[in-house]
Every structure is written in C-alpha cells, then in structure tokens.
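Worksheet: one structure, shown below.
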Amino acid sequence: MYTRRQITTQERLQQQEYCERVKSLIAHRPHYALVDTYGCQQNESDSEILRGWLVQCGYELTTDEDKADLIAVNTCAVREHAEKRVLGNVGALAHKKAKNPDLLVCVGGCMTQQPTMREKIQKSYRVVDLVFGPHELWQFPELLLKTLERRGRRGNKSRLIAGEPSDGVVAEGLPRQRDGAVKAWLSIMNGCDNFCSYCIVPYVRGRERSRHLADILAEARELIAAGYKDITLLGQNVNSYGKGLDEPVDFPDLLREIDKIPGDYVLRFMTSHPRDATDKLFRVMAASEHCAHHIHLPLQSGSDRILKEMNRHYDRAKYLEKVASARRYMPDLVLTTDIIVGFPGEREEDFRDTLSLVEEVRYDAMFTFIYSPRTGTPAAAMPDPVTRAEKQVWFDQLLDLSNRISGEKHAAYVGKTVRVLIDGETGQTPYNLSSRTKGGRLVHLAGDPALVGKFLDVKITDSTTWALYGTLA
Ligand code: SAH
Ligand code: SF4
Ligand code: F3S
C-alpha cells in the first residue's frame with residue numbers, strides 16, 4: 001500500500017556517517033567510480049545523486065572503465081531494447097572483473113524493480129555485487145558499506161540484493177554531482193499513477209509523490225544563484241504535480257512561483273500527460289518571463305480505439321483541442337511528442353489515424369517507438385497478431401513523415417534571427433558550439449567557447465531535419 005514517507009534529516013545524516021565509514025575503508029589508495037546511465041532524464045537526475053554519494057564516500061569519478069574500482073549501472077526498463085543493452089553491458093563486465101577481482105559492480109534503477117529481472121540478475125549475472133532500487137538511492141552509502149564489508153565472503157553471501165519494491169519515499173538534501181554548469185535537472189516529483197496499459201513505469205517507480213513547493217523553490221533559487229541558465233523540471237507527469245500534498249498547489253502554480261525568481265534563465269518541463277494539460281497551464285506559460293514555449297505532449301496514438309486500449313483518457317478530438325488552445329496562447333509554441341507504433345491489436349486504419357493526426361498537428365520533433373511488451377502490464381496480455389516486420393513498415397513510414405515535417409519546420413527558420421542559449425561545445429568544426437532556442441530547437445554555430453552559458457542572437461543560415469545552423473548576429 002502506498003504511504004508517502006519523507007526521509008528525516010536524522011536518517012539523511014546517518015547516511016553521511018556511512019559515507020565516512022566507506023571513506024575509511026578505501027582510504028589506503030585512490031578509488032575511482034564510474035556511473036553508467038540508461039533511460040530517461042529522471043535516471044540522469046538520479047545518477048547525479050549517485051555520483052554525489054560516491055564523491056562523499058571518497059571515490060573519484062572517472063569515465064574510464066579500465067580505471068574504475070566501482071561501476072554503477074543505472075538501468076531502464078521501458079523497452080526490451082534498453083534492457084538488452086544493459087544486460088549485455090553488465091555481462092561484459094565479467095571480463096573486467098576477471099582482470100580486477102576487486103571491481104565492485106552495482107546495478108540500480110528501474111530494471112531492478114521487476115521481480116523476474118531481479119531473479120535473472122541474481123542467478124545469471126554473478127558479476128553484480130549490489131542491486132538497489134530507485135527508492136533506495138537515499139541510502140546508497142549504507143548499501144555500499146554493507147557490500148564492502150561482505151566482500152571476501154564466499155559465494156552468494158558476499159552479494160547484496162536490495163531493491164525490494166517499496167512505494168512513497170521522498171528524500172531531500174541528498175548530495176548531487178551535476179553534469180554541467182549551464183543545464184540542470186530539477187526533479188519535482190517521482191512515480192506515476194497513470195498506468196497506461198503498455199507502460200512499466202508505474203510498477204518500477206511506484207506511486208506519484210510530489211516534493212513540497214518550498215523545497216523545489218529553494219533548489220531553483222540555488223540553481224539560479226549558481227549560474228544555471230536552463231532548468232528542466234522533471235516528472236513522469238508534471239501536470240499532476242501537487243496531488244497528495246497538504247498545501248493546495250498545482251503545476252501551473254509551481255511554474256508561476258519559480259518564474260518569479262529573478263535572473264536570466266529558461267524554465268522547461270517534462271513530461272505532460274495530455275489529459276492533465278489545462279488552459280491554466282498554457283495561460284501561465286504564455287504570461288511567464290522564463291518559461292520556454294515548448295510542450296512535449298505525448299500522443300502515443302491517433303486512433304480513438306487504440307487510445308482507449310492504452311488507457312490514455314483522451315481521444316483525438318480532445319487532444320487536438322488542447323493543441324489548438326496551447327497554440328492560441330502561444331503562437332510560437334514548439335510542440336514535440338512520443339508515438340508508439342504497433343500496439344497490440346492496432347490495425348492499418350488505426351495507424352492511418354496516427355499519420356493523419358501527425359499531418360494535422362505538424363510536430364517540431366517526434367520520438368517514435370515500436371511497441372515492446374512489458375511483463376506485468378495489461379497490454380502484454382493482449383492479442384498482438386501484427387508481425388514485427390509489418391510494424392517496422394509502419395514505423396518507417398511514420399519516421400519518414402516525422403522527418404519531412406521537422407525538416408520543413410526547420411527550413412522555415414532560415415533567414416530569421418533567434419535568441420539562443422549557448423549550452424556547450426560540439427567538438428566539431430566549423431560549428432563548434434551548440435545552443436538551444438527557447439523552444440528547445442538545436443542550433444549549431446561557430447564561436448568562442450567562452451560564450452557557453454550566454455544568451456545571444458543568432459542568424460539562422462542553414463537547416464537539416466535535426467538541427468539549425470547559424471552565425472552570431
Ligand atoms: N511519462 C512520460 C514518458 C514515459 S516513457 C509520459 O507519459 O509521457 C517515454 C515514452 O516511451 C512514452 O511516452 C512511450 O511513447 C514510450 N513507451 C513507454 N512504454 C513503452 C512500451 N512498452 N513500448 C514502446 N514504447 C513505450
Ligand atoms: Fe508510463 Fe503513462 Fe505514466 Fe507516462 S503517464 S510514465 S506513459 S504510465
Ligand atoms: Fe526508463 Fe525508468 Fe525512465 S523505466 S524511461 S529509466 S522511469
């Protein structure tokens with residue numbers, strides 16, 4: 001049963017003590033740790049916490065597997081493809097361990113929350129020393145310490161398979177090693193209550209729980225004061241932010257409160273469930289100073305019949321109404337989406353409905369996936385007569401359409417001057433800098449690396465399906 005449980009300050013400080021104990025265990029020589037991340041932004045954000053803990057435990061971070069004394073893999077379970085990649089890479093670590101028996105392999109993230117997968121790792125992936133779930137991130141030092149202390153015991157006894165599913169944990173004040181100095185993730189909630197019939201996320205991430213408004217605002221202020229310019233609020237469904245909190249607050253309220261913090265920065269968010277995207281949200285976005293005029297609004301399918309089977313709680317007409325309303329408030333809105341091709345029972349006419357909706361909406365960018373059955377979800381038990389090869393044909397058609405529309409939309413920027421945030425270096429010439437428009441479109445340009453972190457006007461000179469190219473105006 002779900003109960004919200006906020007980790008106490010005392011519990012957190014206790015973890016800090018475990019960090020000190022790990023530190024003393026590894027103090028005799030430098031130890032290096034590598035964190036390998038799969039999956040969505042939520043996982044990237046969690047990996048920052050993992051790195052934060054590792055640093056507090058005395059490890060130095062590395063990206064060199066051969067140098068690593070500890071490799072932590074933060075896994076994703078959303079599609080079979082992601083799982084296979086993870087298992088392949090974890091399996092391959094056996095060679096590294098043969099060379100370096102002291103190597104510690106830790107597996108965390110969403111895959112560990114599936115009972116069959118835990119069993120599989122326990123039985124067939126002996127290379128793994130520690131398994132822990134996303135809700136146990138706050139107590140990683142304790143689990144790491146136990147694993148180190150068990151070391152040297154024979155056989156299975158030396159391994160620690162934690163990660164029993166448990167709901168409702170909210171932890172504040174954990175250390176974090178952020179990936180960059182310009183862009184930052186700001187997780188506002190965890191879990192998902194939507195149970196779309198194809199999706200594993202609610203099973204592996206637990207029930208939806210929001211952070212307190214004050215905690216989020218404090219973190220946003222810190223980020224802005226530290227010079228971060230591009231802040232993305234994260235949640236599986238940000239639009240239901242606030243549900244279950246004592247304070248009466250919803251997502252548009254949260255946006256409005258963050259927007260009041262002065263400074264030169266862009267505020268983004270991911271992801272919005274179309275059912276919960278309201279006019280209030282669009283109004284607040286349109287009126288805000290910092291909010292990007294971008295919505296990622298996953299459609300999943302353009303067929304009413306399939307949307308119902310997916311348990312999405314909207315139909316084609318409602319979705320189109322939301323898009324029209326959002327565009328009325330923000331004529332410059334950049335709209336992106338996710339679409340699943342080949343959901344069980346999808347027929348040619350359903351797929352045509354998806355194509356026609358895509359033609360009608362004209363997304364700036366689309367993320368398309370072939371349906372992947374996930375054990376334990378309702379869709380995995382539905383009859384699925386269409387072959388993989390037939391689904392691939394649909395997928396390719398959708399991708400062609402998506403590329404054509406993105407290409408056309410990008411081409412329309414050529415000749416215009418747009419304001420961008422320079423967010424990094426590409427390592428390529430002549431376009432050595434990467435940047436994003438406020439709507440999130442990628443713009444490559446040439447310039448001094450010292451410009452990273454600056455907002456500048458760029459004249460767009462060229463475009464492709466995926467990116468824009470420009471020169472400083
Ligand atoms: N919470 C987010 C996204 C979660 S997963 C949201 O609701 O939008 C990201 C995307 O993966 C989903 O939008 C969906 O398009 C895709 N996806 C999820 N489960 C899938 C499955 N079983 N097979 C194929 N694609 C899937
Ligand atoms: Fe999965 Fe649906 Fe929740 Fe998104 S809203 S994480 S697709 S169950
Ligand atoms: Fe994957 Fe977990 Fe994210 S399943 S998509 S890493 S929430």
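Just so it is clear, none of the values below were taken in a lab; they were calculated from the coordinates. All figures in this text were calculated on a predicted structure; none of them were measured in a lab. Note that each Cβ is placed from the backbone with ideal geometry, even for glycine, and that neighbours are counted across all protein chains shown.
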- Query: How much length, in nm to one decimal, is gained on full extension between Thr429 and Arg85, taken as 0.36 nm per residue of separation minus their Cα-Cα distance?
  - Reply: 120.7 nm
- Task: Calculate the spin-label point distance for Leu472 paired with Lys416, positioning each point 7 Å from the Cα along the beta-carbon direction, and give it in nanometres.
- Result: 2.3
- Around Asp279, what is the net charge, scoring Lys/Arg as +1 and Asp/Glu as -1 over all other residues with Cβ under 11 Å from its Cβ? +3
- Of the beta bridges DSSP finds with both residues in the chain, what % are antiparallel, to the nearest 5? 35
- Task: Please report the relative contact order for the chain, taking Cα pairs under 8 Å with a sequence separation of at least 6, and give it as a percent rounded to a whole number.
- Result: 10
- What percent does the relative contact order of the range 401-473 come to when contacts are Cα pairs within less than 8 Å and at least six residues apart? 35
- Applying the Karplus parametrisation 6.51 cos²θ - 1.76 cosθ + 1.60 with θ = phi - 60° to the phi angles of the range 229-245, what ³J(HN,Hα) value in whole Hz is obtained for each residue in order, glycine and proline being reported as x? 10, 9, 10, 10, 6, 10, x, 5, 8, 4, 5, 9, 3, x, 4, x, 7
- For n ≥ 4 DSSP H runs only, could you compute -39500 (n - 2.57) per run for the chain, divide by its residues and tell me the 222 nm figure to the nearest 500? -11000 deg cm²/dmol
- Query: Looking at the range 363-444, which trypsin sites (Lys or Arg not before Pro) are DSSP coil and have at most 16 other C-beta atoms within 10 Å of their C-beta?
  - Reply: Lys416
- Among beta bridges that DSSP assigns inside the range 86-233, antiparallel share in %, nearest 5: 20
- Task: Treating cross-link reach as a plain straight distance, find the lysines whose alpha-carbon is under 21 Å from the alpha-carbon of Lys243, omitting any fewer than eight places away in the same chain.
- Result: Lys280
- Query: Restricting the count to DSSP beta bridges whose residues both fall in the range 417-472, what percent are antiparallel, rounded to a multiple of 5?
  - Reply: 85
- Task: Check cross-link reach from Lys454 to the lysines: straight Cα distance under 19 Å, and skip same-chain residues fewer than eight apart.
- Result: Lys183, Lys229, Lys438
- Item | Using a Förster distance of 22 Å, the FRET efficiency for Asp315-Glu359 (Cβ separation, nearest 0.05) | 0.80
